[in-house]
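Worksheet: one structure, shown below.
The values are calculated or read from the model by the stated rules, or taken from the named source; none is laboratory data. The structure displayed is predicted, hence computed values, not measured ones. Cβ placement follows ideal geometry from the backbone for every residue including glycine, while neighbour counts extend to all protein chains displayed. Heavy atoms of the whole protein, side chains included, go into the accessibility calculation; ligands, DNA and RNA do not. Shrake-Rupley method; radii C 1.70, N 1.55, O 1.52, S 1.80 Å.
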Amino acid sequence: MAAELDVSRFYARLGRLHAHFLKHRDGIWQGAGCLSLHRGQMNDDEPYLKSVVLHQYLFGWELPDTILLLTETGDCFVLAAKKKCEFLEAAVGKTPTGSSIIGLTLLTRNKSDGNAENYETLMEAVTAKNGSNGDKKKVGVLMKEWPSEKRESIGGPLVSGWEKSLTGADGLDVSDATPGLSLFMSIKEDSELDLMKKSSVLSNKILKHGFIKRIEEVIDSELNVTHTQLSGEIDGIIEDPSKINLKVPKEHVQSCYFPIVQSGGEYDIKISAQSTEKSLKYDIVTVSLGSRYQNYCSNVARTFLVDPPKEVSETYEVLLSMQEECLRAMVPGRPLKSVYATAVNFLKSSEKSFLVRHLPKNLGFSIGLDFRDPNLVLSAKNSIHFRPGMVFTLSVGFAGVPLSDSAKSAANSKSAVKDIKEYGLLISDMVVISENSKSGEVMTKHGKSLTDISYTINDDDDSSDDDDNGKGGAATNGDEEYARKVAKAPDNVVNGKRRSSRLESTNEAIQNAHEGTAERERRQIALMTRKNEERLRELARSARNKGDDGESDKAEELRAYDRTKDYPDSVLPNQVKVDMVNQCVILPICGNPVPFHISTIKNVVLPDPDSATYLRINFYTAGMAVGKDAPANMAKLVQKYAPYASFIREMTFRSLDSHNLTQAFRQISELRKRARQKELRELEEANLVKQAKLVRTKTERVPRLSDLTMRPVFAGRKTQGNLEAHSNGLRFISMRGEIVDIMYPNIKHAIFQPCENEIMVLVHFHLRHPIMLGKKKQQDIQFFTEVIDASQTVDAGRRSMYDPDEMDDEQRERQLRRKLNEAFKEFCRKVENVAKKNGFSLEFDIPYRDLGFNGNPHKEMVFIQPTLNCLVNLTETPFFVVNLSDVDHVHFERVTFMSKAFDIVLINKDFSKQPWRVDMIPNDDKESIQEWLTDMELSYTEGPMNLNWKQIMGTVAGDDRFYMDTEEDEVTKKEAGWSFLRMFGNDEEESDDGDEDDSEFSEGNDQESEESDEEEEQSEFDSESESESDYDADEDLEEQGMDWDDMEREAAAADRQKRKRDDVDDEVDVRAKRRGSRGGAQRRGSAPPPPRRKAAPIKRRRR
C-alpha cells in the first residue's frame, strides 16, 4: 500500500487505550476481559461508526473487514487480508520499552479452511485469564455494529465468521465497549487539539468569507435563492476552500454534514435538521455548517437578524448571556449535566423564564474524529465529568418561540418578520476544556454580538413621520423653538454689562483658534486650486516627454531549439526528458518528442503511485487566472495568443517504471525553481542604476567616524565599522571587511538626528536609486552610535536621588551625548565641504522636534518628526521616510468629536502606488500638523471615516480629467482634484462669511431681535386664532354673510401665512442644495454608488 503506518503513534495510542481499559475495566468498560474491536466492510453512508473512528485514530487509515483483539495482558492480534497485514508489518517486533503492550501478532486471512485456524488462535487469547469464579467471560464489542435480530452483520465473511464463533462459544458473553471507547477518545492529545483548532478556523472562515458574504449579496441584490441552493453553495466551498482563497489541500477537507439554512418561520435547531426547498426570507436566518480537517470535525452555527423587532433582539441578548453562563460551567471536574442545569437556572432567574420550555433536549455533544458522540451529550442527565483535553460543540438555542402581535406591529411595514408566527435562535461554537481555565475556551471566534449579526434593510421612515405628525412632533417643535431662543441669547451678557472675567481669556483663545482655523481653511481652498493647475501642467509635460514604452510591453517569443537536430542525443520517442541547459521539457506526443519551455509549465504533480506511476503537467492557458507567480513574459504571451490560439491545459503520462517519471518530476521542479529565482533576481535588479566608481581621497586627511553600526545589516548580523568621506562618495568598511559605497549624486536626502531623548545619534541617507546590500536592494542606509544601552541592569537596593555615583553617571551620560552630537555634527559639516569642493551638492537636514508627533506608520507607535523635505522616523525599523515632494495631498481620517485619535494618509503623486499611512495620532496634534502642512503648501482634507484607498486610487488613476473642474462635456461642473474628500463643500466659506457679517451687529440689535421674536410669536398666535375663527365661520357661511372688515382681515392673515411658507421653502431648498453638494463629494471619494433598487442597501445595526 502507498500509505505508511506511523509506528510510534500507533503504539503510543494503543498503549493509552490499554491503560484506560485496565484502569476503568470494572466501570465504564462493564467488566470486559478483552476487547474485540472489529471493523466491517466499507460503507460510505456511515462515516462516523465507532470502528471507523478507532481505525483512523490508531492506524491513520480505515482498514475494512479487519478484526482487532486486545487482551488484558497487552497482547494485540490483528486478523486481516494480506495487503493490510503488509501495511501493519512495520510495527511487528517494535514494541517500545516501558509500554503495556507486549506485542503485535498478525494473522493473514485463510480462505482454504474458512479461517478456522485463525479463529482458534483468537479464541485461545480470549479464554486465557478471562473471567473468574465460574462467571461467564465477557468480551467487549461495539454493540451498535454487532449483529442482532434487528440488525444484520455489517462485516464480510471474515468478520461475520468471527462474530458467529463468539456467539456460539460456551461461557462467553459480550458487553458494550462503546461507552469506554467514547470516554477514552474524548480526551485529545496536543496534536489532536492542534488539528481541532485548524478545523475550527476552517469552519469559521467558511462562515465568514463564504456564507456571510453570499447572504449579504443575496439580500442586497434581492435574489430569489432557496435554502437548499444556498446550502449547496456552502457545501461546495467546504469541499473546495480555494473558492474563498484558502490554500488548504482538497484531500484534507470534507464536509461533516450538508449545511443547514432556515428562515421564514420554520426552524428546527436539531443537528439532524435539513434545509427545505423554500425560498430564503429576509427575516431570521439560521445557518449550521461543519467541516472536517484531516478527519477531525468542527461545527459552527449562527443566527442572523434582518430588521428584527425589539422583542427578538432582547431574546437574542438573553441567548448570548445564557451561552456565557454555560461556558463558565464547562470546567474540569463538573458533570456534563451541569451545563443544562446552568441554562435552566439562568432562564428562570431572568425576565424571560418562559424560554425554558423552548430549550432543546441537549445543549451540545463531544466532537473529534467522531462528529457526535451519543455517550457524551450535554443533556440534563449525563453524569460524566469534564476532563482537560475534551472538546465539545456547545449548541444553545430556542425553538418555536411565538412572536407577539405587538412585536410585529412595531416592526417596519416592509419587514418580512411580520409574516412569521414563531421563530428560532441558534448559536453553536467549538469549546475546548482547559486545565486551569475558569470557563471553556471558544475556538470558533466569529462575532456573535447583536451588532455583528443584525442587519437593517428597510429604514423606519413611517415611525418618524408619525412622530412628527403626532404629539411627539409638537413637543419636538417646542424644544426646537426653545433651543433657537437660547441660541440667539448671548452666553455671558446680561443687560449688556456682566461678563465672566475668569472665562474671558479662554473665550478669546477659542475665538482666536476659530479665526486661525477659518484663515487656514481659506488658504487651503486657494492652495488646492493652485495645486490642481500645477498638477495639470506637470501631467501635460510628462505626457509630452513620455517616450514609446510599447516595446517593453511586447511579449518575447520562446525558442528552445532552432531545429530538431539540436535535441539532446538521449531523447527517446516515449520518454519524458528534461533539458536543463536549454530550460525546456521534451514530452512524447504520439511517439514524437515535442519541446516545451519551462516558463509554459504552471505546475507538475506526481501522485502517489499505485500499480503505475503518473506524472501530470499543467500549463498556463487562456480563459483562467494565470496567477501572480506566473512569469511576466508568459502572461503577455497568453494574453497575446488568447483570441485565436488553442492551448494545452494539462498532460498526464503513465509508466509502469517509476524511475523515469520520478526523475523527470524532480528535474522539472528544480528547473522551475531556478527559472523563478532568476526572474526574481532580474526583477530585483531591474531598476538598479550602475554607480560610479568611488574615487578615494589620497592627498589630504579624510573625514572619518569610527565605531558606527550600520542598518540594515549584512546577512542578519550586526555590522560595525568606520564611515569615510571621499571625493565623490562615502565608504563604510565593516570590521569583517565588507564595503558599502554611497555616491554623493545618489543621495536624495541626508539627515542628521542628534541625540536628545533617544538612545542614539545617527546620520541617515535616503537614496535616489536603491543599491544592493547583500542580496537585497535598499534605499535607506543609516549609521548610528548608541549613547546608552537599550537595557540596563537596575540594582535591587534603593538609591537616593543625591547618590554621588548616580549623579556622576548622569553627568557622564550628558557629556557623552554632547560629545557625540558634536562629533557627528562636525562630520556632517566636513562631508558637506568635501562634496561642495568636488562639485556636488549635499546638505544635511535636522528633524524639527517641536513639530513631532506620535503615530503608527507600521506596527508600533513611534515618534515622527518633519524635516525640511521629509517626514521621518529613523530610530525604529523599518524606517519611515516620506519625501514631501512626492506627496500630492494629505487626508485626515477618523476626525470626529468622539475619537481620541485620528489617522493621516499621504497620497503619492504616482497614483499607481498606495498612499503612506500614519495611524493613531492623538487629537491634540491635529492643529499643529495642519498648520505645518499649510506652511509647507500641502493641501489637506478631513473625513469622519476610513476610506478604501486601493479602490479610490484605481478610480483616480483612470480619470483623465481628475484635476479639472468640468466633466468631459466641459460644461458640467464637478469637484476638481481632491476636493471631493472635503467634509464640507467650498460654499461653506461664503455662508460663514455671511454669518460673520451678521454677527457684527448681533450685540447691538439683541433687544430689537427679541422684540421682533415676540412680535413674530404674537403674529403667529393671531394668525392661528384667525385661521381657527375662519374655519368656524365657513360652516355657517350659508346662514350669515361676512362683512368687508372680516374679509379684509382674513385676506391679510392669508397673505402673511403665504409669505412665511415661501420663506421656509426657500430656506429648505438652500439647505438641500448644500447637502447635495456634500453628499456628491462623499460619493465621489468612495466607491461608485450602487444601482437603484427597491430596498435600501444592507447595513449593520449599531447600538
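Summary of computed values
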| quantity | calculated |
| --- | --- |
| Residue that is modelled with the lowest pLDDT [pool: residues in region 31-56 that are hydrophobic (A, V, I, L, M, F, W, C) and more than 24 Å from Asp173 (Cα to Cα)] | Met42 |
| All positions within region 829-850 that are open to solvent by less than 70 Å² (accessible area, probe 1.4 Å) and under 46 Å from the mean Cα position of the chain (by Cα) | Leu842, Phe844, Asp845, Pro847, Arg849 |
| Some residue of region 884-895 being among the basic types (Lys, Arg), buried (at least 16 other Cβ atoms within 10 Å of the Cβ) and either under 19 Å from Ile929 (Cα atoms) or touching a Lys or Arg at 6+ places or on another chain (Cβ under 6 Å) (or both) | yes |
| Condition met for Ile284 (without any contact (Cβ under 8 Å) to a residue 60 or more places away in the chain, crowded, with 18+ Cβ neighbours inside 10 Å and at negative phi) | no |
| Region 14-24 - residue that is touching a residue at least 12 places away in the same chain (Cβ under 8 Å) and surrounded by fewer than 20 Cβ atoms within 10 Å (Cβ to Cβ) and, of those, nearest to the chain's Cα centre (by Cα) | Arg16 |
| Asp789, sole failed condition from (1) farther than 28 Å from Ile742 by Cα; (2) at pLDDT 70 or above; (3) not hydrophobic (A, V, I, L, M, F, W, C) | (2) |
| Selection status of Val248, among the hydrophobic types (A, V, I, L, M, F, W, C), in the same structural domain as Asp419 (by the TED database) and open to solvent by 30 Å² or more (accessible area, probe 1.4 Å) | yes |
| From Val626, Val604, residue being at pLDDT 90 or above and either in a loop (DSSP other than H, G, I, E, B) or not assigned by the TED database to the domain that holds Gln667 (or both) | Val604 |
| Residues within region 160-191 that are acidic (Asp, Glu) and buried (at least 19 other Cβ atoms within 10 Å of the Cβ), tallied | 1 |
| Criterion violated by Ser409 - all others in (1) at pLDDT below 90; (2) assigned to a loop (DSSP other than H, G, I, E, B); (3) among the polar types (S, T, N, Q); (4) open to solvent by 60 Å² or more (accessible area, probe 1.4 Å) satisfied | (2) |
| Residue match in region 59-70 (condition: open to solvent by 60 Å² or more (accessible area, probe 1.4 Å) and more than 21 Å from Pro147 (Cβ to Cβ)) | yes |
| Residue ranges of strands (runs of 3 or more DSSP E) in region 334-406 with at least 3 members open to solvent by less than 10 Å² (accessible area, probe 1.4 Å) and either of a type in the set (Val, Ile, Thr) or farther than 18 Å from Ser298 by Cα (or both) | 391-402 |
| Candidate set: region 671-684, residues that are of a type outside the set (A, V, I, L, M) and open to solvent by 70 Å² or more (accessible area, probe 1.4 Å); chosen: the one nearest to Asp629 (Cα to Cα) | Arg676 |
| Output for region 276-305, where each listed residue is among the hydroxyl-bearing types (Ser, Thr, Tyr) and assigned to a strand (DSSP E or B) | Ser279, Thr286, Ser288, Ser291, Tyr293, Tyr296, Ser298, Thr303 |
| Region 899-933, subset polar (S, T, N, Q) and open to solvent by 30 Å² or more (accessible area, probe 1.4 Å), residue nearest to Thr955 (Cα to Cα) | Ser912 |
| Leading residue by the ranking (surrounded by the fewest Cβ atoms within 10 Å (Cβ to Cβ)) among those in region 743-766 that are under 28 Å from Leu816 (Cα atoms) and among the aliphatic types (A, V, I, L, M) | Ile759 |
| Flag if Leu106 is at pLDDT 90 or above and open to solvent by 20 Å² or more (accessible area, probe 1.4 Å) | yes |
| Any hit, region 32-41, residues being assigned by the TED database to the domain that holds Gly15, over 18 Å from Val139 (Cα atoms) and either open to solvent by less than 10 Å² (accessible area, probe 1.4 Å) or among the charged types (D, E, K, R) (or both) | no |
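Residues are listed down the side, and each one gets a yes or a no for (1) open to solvent by 40 Å² or more (accessible area, probe 1.4 Å); (2) in contact with a His (Cβ under 7 Å, 6 or more places away or on another chain); (3) under 23 Å from Asp579 (Cβ atoms):
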residue	(1), (2), (3)
Asn603	yes, no, yes
Ile617	no, no, yes
Asp629	yes, no, yes
Tyr641	yes, no, no
Phe653	no, no, yes
Asn660	no, no, yes
